[in-house]
């Protein structure tokens, strides 16, 4: 994929393949290229029923599919079961970002990832979520480990994708590929709160499908 020199990675416990939960192309781009550079066999698992509205969901998913197909990486397109997500989010509508609602959301997505991994013979799961500086990495890792725990022999790989230039390469790859640049975490409540903040600052509201990495305004 990329000619960038990266550290040689290996999966925990000598495992031979990985199921990688992906939240979007910008976050997974560097993770995917790092895995490829180390010769790790992996499959993308896209399960993100939190993303709202459906237009935004499809923008993120289709871009992730495009990047996976470009490099011949298997892509599992999981259900967009928004009703289940909203049911689990009840009572958390006004919780802050990185709070208990986000924990619920990570739990839900990783539980499905772990189940698929167990049913299809993946001994290790991980996620691209942790590469984002907007996320609490410990919160994400706790959720991943909790999801893997019920399955004997399954490991959640808590590798820090931000380190050794990972965060910078994430932006470089996003600009190179002209990935869609989402302007909020993904759920309807983060969209609401982001727009409330923008309104208080006199800034225009978020426009879906408009801003792309590498464009002048990015």
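The values are calculated or read from the model by the stated rules, or taken from the named source; none is laboratory data. In this text the structure is predicted, and so the values were computed from the model without any measurement. Cβ placement follows ideal geometry from the backbone for every residue including glycine, while neighbour counts extend to all protein chains displayed.
Residues in the stretch 160-189 that are out of contact with any helix residue (DSSP H, G or I) (no Cβ under 6 Å at 6 or more places or on another chain) and buried (at least 20 other Cβ atoms within 10 Å of the Cβ): 182, 185, 187, 189.
Scanning the stretch 109-126 for residues that are under 13 Å from residue 146 (Cα atoms) and not in a strand (DSSP E or B) yields 109, 110, 111, 112, 113, 114, 115. Residue 151 fulfils the conditions (1) in contact with a helix residue (DSSP H, G or I) (Cβ under 6 Å, 6 or more places away or on another chain); (2) part of a helix (DSSP H, G or I); (3) over 20 Å from residue 85 (Cβ atoms) except for a single criterion, (2). Among the candidates 127, 132, 174, the residue that is touching a strand residue (DSSP E or B) at 6+ places or on another chain (Cβ under 6 Å), in contact (Cβ under 8 Å) with a residue 60 or more places away in the chain and within 15 Å of residue 29 (Cα to Cα) is uniquely 127. Return the only residue of 122, 110 being under 23 Å from residue 160 (Cβ atoms), surrounded by 16 or more Cβ atoms within 10 Å (Cβ to Cβ) and touching a helix residue (DSSP H, G or I) at 6+ places or on another chain (Cβ under 6 Å). When all the criteria are applied, what remains is 110. Cβ-Cβ contacts under 7 Å between residues 6 or more apart (or on different chains), taken from a first residue in the stretch 69-93 that is under 13 Å from residue 21 (Cα atoms) to a second residue that is at pLDDT 95 or above and part of a loop (DSSP other than H, G, I, E, B), are listed as 78/47. Where strands (runs of 3 or more DSSP E) fall wholly inside the stretch 1-91, the ranges with 3 or more residues that are at negative phi and crowded, with 20+ Cβ neighbours inside 10 Å are 18-21, 42-46.
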